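Derivation of every value follows stated rules applied to the coordinates shown; laboratory data play no part. Quantities reported herein were computed from a predicted structural model and do not represent experimental measurements. A quick note on method: Cβ atoms are made from the backbone with ideal geometry, for glycine too, and the neighbour counts reach across all protein chains shown.
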Amino acid sequence: MHYCLVLVPWRILINKEIYASVKKCTVIETVGLNRLCWFGHVQRMEGNRIPKRVLYMNSGTTRLRGRPRNRWQGEVREDGRIVGGEGWQEKVHYREEWKKLLRMTRNRHILHMPMECMNE
């Protein structure tokens, strides 16, 4: 019986390498895609439904001093621009087209890539 000893150099992998090897979405991508999915669902609702009224409701309060916190609508706006380009808000109203766009985004893992990677 012969044994062969192969030395494999171990190194620490960065998160990007791990996600690329397992081909799964990151938590940030998953949250962003679910946020866009819910936004599309609410946008297609009738105007008198409670979720749609709450989405566009103005609380009438002033913001605190300091750095402004990220708002849900701001995050949706940024994710939508990355996913669908300039005309992403019109695509929301067509359910099948919106679902296809989100599915393609999930498969390509483009939601939170640096902008220079997306242009290649």
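Summary table
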read-out: For region 19-116, the Rg and Dmax computed from alpha carbons only, in angstrom; value: 15.2, 48
read-out: Dimensions in Å of region 21-74 - Rg and Dmax from alpha carbons; value: 15.3, 48
read-out: Point-to-point label distance, Glu75-Thr62, nm (Cα→Cβ direction, 7 Å offset); value: 2.7
read-out: Trypsin sites (Lys or Arg not before Pro) within region 11-84, DSSP loop, no more than 15 other Cβ atoms inside 10 Å; value: Arg11, Lys23, Lys24, Arg44, Arg49, Arg63, Arg65, Arg69, Arg71
